[in-house]
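Bear in mind that the values in this text are calculations on the coordinates, not laboratory data. Everything numeric here is computed off the predicted structure, so don't read it as measured data. Note that we place each Cβ from the backbone using ideal geometry, even for glycine, and neighbour counts take in every protein chain shown.
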Amino acid sequence: MNATDSLESALADLEALRASGRSALAQAQDSAALEAARVEHLGLKQGRLKTAQERLKSLEPAARRDYGRAFNEVKAELEQALEDARNRLAHATVQVEPVDVTLPGIRPRIGRLHPLTLTMTELKNIFGRLGFSVAQGPEVEDVWHNFEALNIPESHPARDPLDNFYLAAGAGIGQRAMLRSQTSTVQIRVMEKQPPPVRVIAIGRVYRPDTVDATHSFMFHQIEGLMVERGATMADLKSVLSLFAQAYLGTEVKIRFRPSFFPFTEPSVEVDMLWHGKARWVEMGGAGMVDPNVLRAVGYDPEEVSGFAFGLGVERLCMRRYGIDDIRLFYQNDVGFLRQF
Ligand code: FA5
């Protein structure tokens, strides 16, 4: 056997020692088994590592450096493996429990609808039963639909840039564009498109740079209602809103009209609601008889038809219904909150 062959076979034996040592140490299940594996591989007297070390002497001097380097590597590796095995056994105090197939399983978490989505669906259903269909309008609006046609002239403080989200000039829709500040815009869009009679609601997002607190957000939802026909009166408005309030919040809820002003209704009222057992009336929205100027702006004849309109805050309704005391909870994506609905 020449010297090169001998180096090759010595290295192959070292490789075999590395594999057998690692597996014996890693598989030892208790300290007795670990000790046996240690003696066999790392034992100072007759361990296989010791034998491998002695083999160095039988190699050609030129081969000793390569063999020595490989030997040191295997030695360090097996010493580390012994150390790891000792740590493993020291911490392995817990026995693996057998599986109890009678325990209840882990339920997957199923998503659910957001409380505002649930509320808006319910509002549509209630007004659907009262004969209202659902209309839609864009959230990016022009000043005609948000103000002009609603009898809100250029000089009106409601148009102040500090109270509205105006968009950069143009924004692709011709006139000055803005994020709509109320769903009353949809009244105009519906009446521009169809002759009376009209009986619609519109629900959607509106935007105002209001300071955020427990009852105000810069983005919120409104539900708008519009009914225009021959001989519609304030009494119709009140009965529709009473029927709605009782259907949504319970038969013991009372509503009250408080005189107010909106440029697009005349007369105008604030709609307050009172719950059984509560001392305070809460404002839910505004309402009134559609101003003749608005009817004329869309080509209706105020001598022929009259109408009423209302706009309520969807968050406020939902908060009352579920006893939620902070509007910000709706927008925080807190699963703990959302899972309750
Ligand atoms: C209006 O927006 C009128 N367009 C309502 C209306 C419609 C009047 C049709 C007459 C005829 P007001 O600004 O008061 O009105 O808002 C209506 C409701 O929206 C409020 O009562 C409140 O419930 C809700 N609301 C207003 N601002 C906020 C806000 N920052 N955060 C949450 N809800 C709000």
Gyration tensor on Cα atoms of segment 115-338, a ≥ b ≥ c root eigenvalues, a/c under 1.5 rounded, else prolate if a/b beats b/c, else oblate, says oblate
Which of Gly128, Gly277, Gly43 moves the most in a Gaussian network model of the chain with Cα springs under 10 Å?
Gly43
Could I get the Rg over Rh figure for segment 59-174? Both from C-alpha atoms, Rh via Kirkwood, rounded to two places.
1.55
Nearby lysines by direct alpha-carbon distance to Lys45 (threshold 21 angstrom, same-chain neighbours under 8 apart not counted):
Lys57, Lys75
For segment 245-268 and segment 59-130, what is the centre-to-centre distance using only Cα atoms, to the nearest Å?
58 Å
Please state, rounded to one decimal and in Å, the Kirkwood hydrodynamic radius that segment 227-267 gives when every pair of distinct Cα atoms enters the mean of 1/r.
11.8 Å
Relative to the chain, whose Cα atoms define the longest principal axis, helix 234-249 and its Cα axis are tilted in degrees, nearest 10, by 20 degrees
Rounding to the nearest 10 and keeping the result within 0 to 90°, find how far the Cα-based axis of helix 3-27 lies from the longest principal axis of the chain.
50 degrees
Would you mind finding the longest exposed-site-free stretch of the chain, with exposed trypsin sites (Lys or Arg not before Pro) meaning DSSP loop and at most 14 other Cβ atoms within 10 Å?
113-229
Set of segment 73-89 residues, backbone N closer than 19 Å to the point 7 Å along the Cα-Cβ line of Ser20:
73-82
Sorting His114, His156 on the 10 Å Cβ count, fewest up front, what's the list?
His156, His114
Sorted largest first, extent of segment 3-90 alpha carbons per principal axis (Å):
44, 20, 15
When Ile126, Ile110 are ordered from fewest to most other Cβ atoms inside 10 Å of their Cβ, what list results?
Ile110, Ile126
Under a Gaussian network model of the chain whose springs join Cα atoms within less than 10 Å, the largest fluctuation of Thr215, Thr119, Thr51 belongs to Thr51
For segment 56-125, what is the convex hull volume of its Cα atoms per residue in Å³?
280 Å³
